[in-house]
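The values are calculated or read from the model by the stated rules, or taken from the named source; none is laboratory data. Worth saying up front: this structure is predicted, and the values here are computed from it rather than measured. Glycine gets a Cβ as well: all are built from the backbone with ideal geometry, and neighbour counts include every protein chain shown. Just the protein is used for accessible areas: all its heavy atoms, side chains included, with ligands, DNA and RNA removed. Shrake-Rupley method; radii C 1.70, N 1.55, O 1.52, S 1.80 Å.
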Amino acid sequence: YVPNGVDLNPFKKVSAKKLQNPTLLFVGRLHPQKNLASLIEAIYITKNQIPNIKLIIVGDGPQKEFLKKTISKFKLSKSVKLLGELAKIDLIKVYKSAHVFILPSIYEGQPLTLLEAWAAKLPVITSKTGDCQYLVKNGLNGYLISNSSNPEKISEAIIKAMQSKRLNKMGENGYNLVAGNFFWDKSATQTLKLYESLIKARN
């Protein structure tokens, strides 16, 4: 098992000012797997307690037009923004300008975007799926959604995160986890050793 890795150097070089309003960030494909319609509905619910909550969605995919209609359905055009795909430096700036990363997927493996969020020192909110359920520790480096198919449960996790006074500490804890275990050089070295062992076994 060779985990994904992140090159931390670009994240160290890029800086960005935090947005004024409490802002969630999603990065990934606009695909049913990512459960974005439920996330948008959760933003609608969350606005009852956090009226100035914002959601930035970065990425492209087959659900783009459907998500536009969903945003319109809940009258969230001022609260939810679809930015499309971004170049690497611009993406890092968006990571660093947000307050919390969110990934409410129905299923995942080990999402690279989770590691990127931590590389940007962002606390995270994720569903209990794939490696997310093992990497995310409630209140330590982020929060797990108890039931990601339920927009109200997603909203509960968002409110808990946004009301926490430990967001910066949780972001630091996530960064330390990546820096110690999921940096790109380590993953590349493990991959190289795996290929070398296969070549020796064949010979």
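Scattering from the chain was approximated by placing one identical point on each alpha carbon and applying the Debye formula without solvent; log10 I(q)/I(0) at 0.16 1/Å stands at -1.00. Our summary gives region 1-113 a relative contact order of 43 percent, counting only alpha carbon pairs under 8 angstrom and 6 or more residues apart.
State whether region 14-77 is rounded, prolate or oblate according to the following rule on the C-alpha gyration tensor (a ≥ b ≥ c being the square roots of its eigenvalues): a/c under 1.5 gives rounded; otherwise a/b larger than b/c gives prolate, and the remaining case gives oblate. Here region 14-77 falls in the oblate category. Phi angles across region 162-167 convert, under the Karplus curve 6.51 cos²θ - 1.76 cosθ + 1.60 with θ = phi - 60°, into 3J(HN,Hα) values of 5, 8, 6, 9, 10, 4 Hz, Gly and Pro given as x. When the C-alpha to C-alpha distance is required to be over 20 Å, the pairs from K12/K34; K17/K81; K64/K93; K81/K165; K13/K34 that qualify are K12/K34; K64/K93; K81/K165; K13/K34. Only protein atoms count toward the accessible area here, which uses a 1.4 Å probe; on region 114-169, the carbon and sulfur part of that area reaches 43 percent. With the biggest extent put first, the Cα atoms of region 81-175 measure 33, 28, 25 Å across the principal axes. Summarised in one figure, the compactness ratio Rg/Rh of region 1-107, Cα atoms and Kirkwood Rh, is 0.98.
The packing ranking of peptides 117-128, 137-148, highest mean first, is 117-128, 137-148, where packing means the average number of other beta carbon atoms within 10 angstrom of each residue. Potential lengthening of the chain between N48 and E152 amounts to 36.3 nm, from the contour at 0.36 nm per residue minus the alpha-carbon distance. Full extension of the chain segment joining K64 with K78 gains 3.3 nm, where the gain is 0.36 nm per residue of separation less the Cα-Cα distance. Surface composition of region 44-95: carbon and sulfur atoms hold 54% of the protein heavy-atom accessible area at a 1.4 Å probe. Would you mind calculating the relative contact order of the chain from Cα pairs under 8 angstrom and at least 6 residues apart, reporting the percent as a whole number? Value for the chain: 26 percent. In this structure the amide hydrogen of V6, modeled in the peptide plane, comes within under 5 Å of the amide hydrogens of F183, W184, none closer than 5 places in sequence on its chain. For region 40-121, the solvent-accessible area with a 1.4 angstrom probe is 47 square angstrom per residue.
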